[in-house]
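Take a look at the structure set out below.
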Amino acid sequence: QRACRARTLGADPRYLLCDEMTAMLDASSAATLLHLVRTQVERGNRAALLVSHDPTLLDAICDKTVQWKDLA
């Protein structure tokens with residue numbers, strides 16, 4: 001997983017589409033990844049769309065959250 005993330009960021013994408021990006025990670029690795037994504041977005045280098053079943057995680061990192069039930 002770390003190699004895939006490194007390759008993705010190394011390609012310098014403008015947009016990150018992250019589906020359950022912290023799944024299967026220990027707490028320390030998850031925190032590091034979230035900090036990296038937040039830093040990249042805050043610097044204006046990238047935009048990110050995160051998909052997760054963890055509303056607490058999304059509320060902590062996202063500017064705006066939407067739930068499927070809100071779209072119906």
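The values are calculated or read from the model by the stated rules, or taken from the named source; none is laboratory data. Keep in mind the model is a prediction, meaning the values are calculated, not measured. We place every Cβ from the backbone using ideal geometry, glycine too, and count neighbours over all the protein chains shown. We work out accessible area using only protein heavy atoms, side chains counted, and drop any ligands, DNA or RNA first. Shrake-Rupley method; radii C 1.70, N 1.55, O 1.52, S 1.80 Å.
Points to keep in mind about this one:
- Considered as a group, the residues in region 13-42 that are without any contact (Cβ under 8 Å) to a residue 12 or more places away in the chain and open to solvent by 70 Å² or more (accessible area, probe 1.4 Å) include one that is farthest from Ile61 (Cα to Cα), and that residue is Asp26.
- Scan of region 1-41 for residues that are assigned to a helix (DSSP H, G or I), of a type in the set (Gly, Ala, Ser) and modelled with pLDDT of 85 or more, ordered by number: Ala27, Ser28, Ser29, Ala30, Ala31
Yes or no, residue by residue, for (1) more than 21 Å from Ala3 (Cα to Cα); (2) open to solvent by 40 Å² or more (accessible area, probe 1.4 Å); (3) among the charged types (D, E, K, R); (4) more than 9 Å from the chain's Cα centre (by Cα):
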residue	(1), (2), (3), (4)
Arg46	no, no, yes, yes
His53	yes, yes, no, yes
Ala60	yes, yes, no, yes
Lys69	yes, yes, yes, yes
